[in-house]
Each structure stands twice: as structure tokens, then as C-alpha cells.
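Chemist: Okay, here's the structure, questions in a sec.
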Amino acid sequence: MPPRSTTPDEPDPETVFARLDREAEHRDRAGLTRRPPTRSARENTLDLAGNDYLGLATHRTVTEAAAEAARLWGAGSTGSRLVTGTTESHTTLETELAEFYGTESALVFSSGYTANLAMITALADERSLLVSDSHNHASLIDGCRLSRAEVRIVDHTDPDAAASELSQSPGAGLLLTESVFSVDGDTAPLRDALRVCRANGAALLVDDAHGLGVLGEGGAGALTEFGMRAAPDVVSTVTLSKSLGAQGGAVLGPYRVIEHLRQTARTFVFDTGLAPPAVAAAAAALGVLREEPERHARVRGVAEGLHRELVRRGVPATRPGAAVLGIPVGGANAAVAWAAACLRRGIRVGCFRPPSVPDGDARLRLTARAELRPERITEIAAVLAETAPAGAR
């Protein structure tokens, strides 16, 4: 068929974006098409896919703080942090986060993703070497890509491989890792990572999104857990949307680092500030965590109990370092089918497929919740075992 005649003002619909249809067909065949599930406020399912580990997203103190902030400040922050987007509640939260986490200073961002982009792109340039764990989150990967630095990917949780790369760096080296890896839930060997950094004059950058509220005494995070509070050569990011049940992110570290980000990080300078209701909710959740430090111990106990019950039933769950458990499945279609079967039994689990994980390495992902009782843990494990598809490994 000859091409359809068009004018400069009338593009040919058969060619413009035609590749998108082919890509969609490929995703469908591979079981990789994603459709965001729409939750109902009255949904009668147990959520093991979200990250509200401590149950603070619906805690009365937290929700009332958010509502009061909306009435006081409005629904949004009205501008970037350097224009009108910094309220008194933003600066108060930053002070409280730094004190709780054990760093000199903190800077709040609109999300954990933008916090990671800020940390990496503001601290690295074309003269830097970024050494990144192969299992790092997409936000860390994107930060590396945007940084203009040389990037070396090393084997998962391998300090010796990181040391080898850092030793060859002629410029400033930065070692980049998560504290708790978001898919399988294992923890990084942070003490070894810091030792490697100091032996090579490098800095350690830690994404502690899944550590805050779960690791460390009272849930104070990975730096407390691994004895690295106030370290002058360590910078961390956290999210406010997981253990704290709100939204947003923060970078924490030495004052001079945070001040540098305040002046140069594009996701701080040009992004609209975090909405005041989310800021107030995060501050209130931090207050609850301080008053009820046993919450973090409960969620770790639930994660360990769930792991024991799953393994006892032959489900190959990864051992949790904090609140996340991964279950290897293999094929994407098998993972989708397993997650759907669990949902029909009233349990929502995460389903991780490429590109979130490598090809052929699909996962179910479960997140522990502090309020789960032993009988509920037993029920969850039984449902996972009973619904496992024949093709799951």
C-alpha cells in the first residue's frame, strides 16, 4: 500500500508513534504490561505490597496533623523551596529528622526519588567515579546517569569489588548502595563499605529508604544500626513515604554537604516543595515512632516469623534484613498469576517484573506489617504455599 499523502500540518498516523504499538504488543506477550491497581478506601484485603510497615499512614495522630496543616497552610506549598515552598513546618521537620537520624543536617524533598537524584548529581561531576551496587534502585541508577561521572557497576554486596574499582580512581570516589535492598530485602555490609571508602579516600552514599523506622535502636535507621551516626564521610537519603506513612524524602549528612545541595541540587532548586500536609504527617509519624519505639522491633519480628513460616512450607523466601521479603518466581507470567491468585484469597502482594528485575528473574515481594499477629502470619504463609503456580521455583 502506498504511503498516505499528508501535508506538513497533517502527520501520518501510521508512522508517528507506530513503534509504541509494537512495543505494547511485545510487553503483552512477555507478561510485562502494567496496569496500576486502583484501591478502594473500603478494600477488604490485607496489603503486603505497600510500604506502610509501621501502620502510621492511617494513625489518627498522623492524619489529624495532615488535616490541620492543610487548613493552616493550604493543600500545596505554592512554589519551590527557595521561593515560597519552605514553611516553618519544613524547617522543623528537617531539624527533627537530623536529630533522630544522627546527622548534622537534613534537607527535605518532594520524594525519595528526587532526594536520590539530588544527592548524586550535586556531589558528583565529570571528574568523579561512582561505584554502584548492581541491585541499586532505579532512582540511584538515574542519578548516576545524570551525574556526568564515570560509573562502574559492581557485584551485589561485594566490598572487595568496590575496593578494586575505587583504588583505580584518579579523582573523587563515591560508593553508592542501598541499606536494605528494595526487592529481596537483604542488607548491605555497610561497615565493610565504609572501611573500603576510607581506605581509598572515598565517600559512602546510602539510600536508607527501607531502613528508617526499621533498622537501628528505636528505628533510627541504618547509620545507627551499623554504628555510623554523625560520620563525616557518609551521606544518606530516606523516604517519608514508607515507615513514616506520609510522602516525600530527605538527604541527611554533614552540614556542608546539605548546604551544598541547598544551593546546587536541581531537584531542590527547581521542584515545587513538599506539600505542608505531607510535611506535618511525616513530623507527626516521627513523633509516634519516638514515643512507641517498640513498633520497629515488632515489624522485624513479623518479617522473621513470616520468613520462617514460608520456608517451612517450601516457599523460597529471602531472609529479611528489615521488613522486605522477596520470593523468586522466574517467569513474569508465573509471577503475575501467583500475585492474582493471592489477591483472590484476600492478600495483596507485590509483583516485580523486568525492568524492575533482570529478565527471567521475576519476584513476588512481601512487606511485613507491625500489627500482624502470629495467626495471621500463619494464614499468609499458607495462602502463598497453596497458590504457588507449578512453574514457580
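The values are calculated or read from the model by the stated rules, or taken from the named source; none is laboratory data. Keep in mind it's a predicted model, so treat the numbers as computed, not measured. Note: ideal-geometry Cβ built from the backbone for every residue, glycine included; neighbour counts use all protein chains shown. Each accessible area value is taken on the protein alone, full model and side chains, heavy atoms only, with ligands, DNA and RNA left out. Shrake-Rupley method; radii C 1.70, N 1.55, O 1.52, S 1.80 Å.
Chemist: If I take R0 = 25 Å and measure r between the Cβ atoms of R308 and H156 in this structure, what FRET efficiency does the formula 1/(1 + (r/R0)^6) give, to the nearest 0.05?
Modeler: Values: r = 24 Å, r/R0 = 0.97.
So the FRET efficiency works out to roughly 0.55.
Chemist: Using only helices, what value at 222 nm comes out for the chain when you add -39,500 (n - 2.57) per DSSP H run of length 4 or more and divide by the total residues, to the nearest 500 deg cm²/dmol?
Modeler: -12500 deg cm²/dmol
Chemist: Pick out which of G227, G173, G330 has the largest mean-square fluctuation in a Gaussian network model of the chain, springs linking Cα atoms closer than 10 Å.
Modeler: Looking only at G227, G173, G330, the biggest GNM fluctuation is shown by G227.
Chemist: Restricting the calculation to Cα positions, tell me the Rg (one decimal) and the Dmax (whole number) of the chain in Å.
Modeler: Computed over the Cα atoms of the chain, radius of gyration and Dmax are 22.2, 73 Å.
Chemist: With every protein chain left in place, what is the accessible area per residue of the chain in square angstrom, probe 1.4 Å? It would help to have the intermediate numbers written out before the result.
Modeler: Details: 18440 Å² over 393 residues.
For the chain, the per-residue accessible area is 47 Å².
Chemist: Let me ask you something else. In the chain, if the dipole is taken from +1 on Lys/Arg beta carbons and -1 on Asp/Glu beta carbons about the Cα centre, which of V151, F270, T38 is farthest to the positive end?
Modeler: T38
Chemist: Per residue of segment 42-54, in order, report the coupling 6.51 cos²θ - 1.76 cosθ + 1.60 (Karplus, θ = phi - 60°) as ³J(HN,Hα) in whole Hz, putting x for Gly and Pro.
Modeler: So the J values, rounded to whole Hz, are 10, 5, 9, 10, 8, 8, 10, 9, x, 10, 7, 4, 9.
Chemist: Looking at the chain, which longest stretch skips every one of the chymotrypsin sites (Phe, Trp or Tyr not before Pro) that is in a DSSP loop with at most 12 other Cβ atoms within 10 Å, leaving the sites themselves out?
Modeler: Of all site-free stretches, the longest is 18-269.
Chemist: For A124, what residues show an amide H to amide H distance below 5 Å, using hydrogens built from the backbone and excluding near sequence neighbours?
Modeler: Excluding prolines and chain starts, which carry no amide H, there are no hits.
Chemist: Further question on the same structure: About its Cα centre, what dipole magnitude does the chain give when the only charges are +1 on Lys and Arg Cβ and -1 on Asp and Glu Cβ, stated in debye to the nearest 20?
Modeler: 900
Chemist: Another question, if that's okay. Mean-square fluctuation check for the chain, GNM, Cα pairs under 10 Å: which of D184, D12, D47 is largest?
Modeler: In this elastic network of the chain, the residue with the biggest mean-square fluctuation among D184, D12, D47 is D12.
Chemist: Antiparallel DSSP bridges in the chain: what percent, to the nearest 5?
Modeler: 50
Chemist: Under a Cβ-Cβ cut-off of 11 Å, what is the net charge of the residues other than A250 that fall near it, where Lys and Arg count +1 and Asp and Glu count -1?
Modeler: Around A250, the surrounding residues sum to -3.
Chemist: Okay, next question. What does the net charge come to around G143 if you take all other residues with beta carbon closer than 12 Å to its beta carbon, with K and R at +1 and D and E at -1?
Modeler: Taking every Cβ under 12 Å from that of G143, the sum is +1.
Chemist: For segment 309-358 and segment 180-233, what is the separation of their C-alpha centers, rounded to whole Å?
Modeler: With segment 309-358 and segment 180-233 each reduced to a Cα centre, they are spaced 26 Å.
Chemist: Calculate what fraction, in whole %, of the accessible area of the chain sits on carbon and sulfur atoms when a 1.4 Å probe is rolled over the protein chains.
Modeler: Of all accessible area on the chain, carbon and sulfur atoms account for 51 percent.
Chemist: L46 accessible area, nearest 10 Å², 1.4 Å probe?
Modeler: About 20 Å², rounded to the nearest 10.
Chemist: For R313, what charge total do you get from the other residues with a beta carbon under 14 Å from its beta carbon, if Lys and Arg give +1 and Asp and Glu give -1?
Modeler: Surrounding charge for R313 is -1.
Chemist: Treat each spin label as a single point 7 Å out from the Cα along the C-beta direction, and report the S80 to S40 distance in nm.
Modeler: Label-label distance for S80 and S40, simple model: 4.4 nm.
Chemist: Anyone know which of H210, H296, H260 comes out most mobile in the 10 Å Cα GNM of the chain?
Modeler: Maximum fluctuation in the GNM of the chain, among the listed residues, is at H260.
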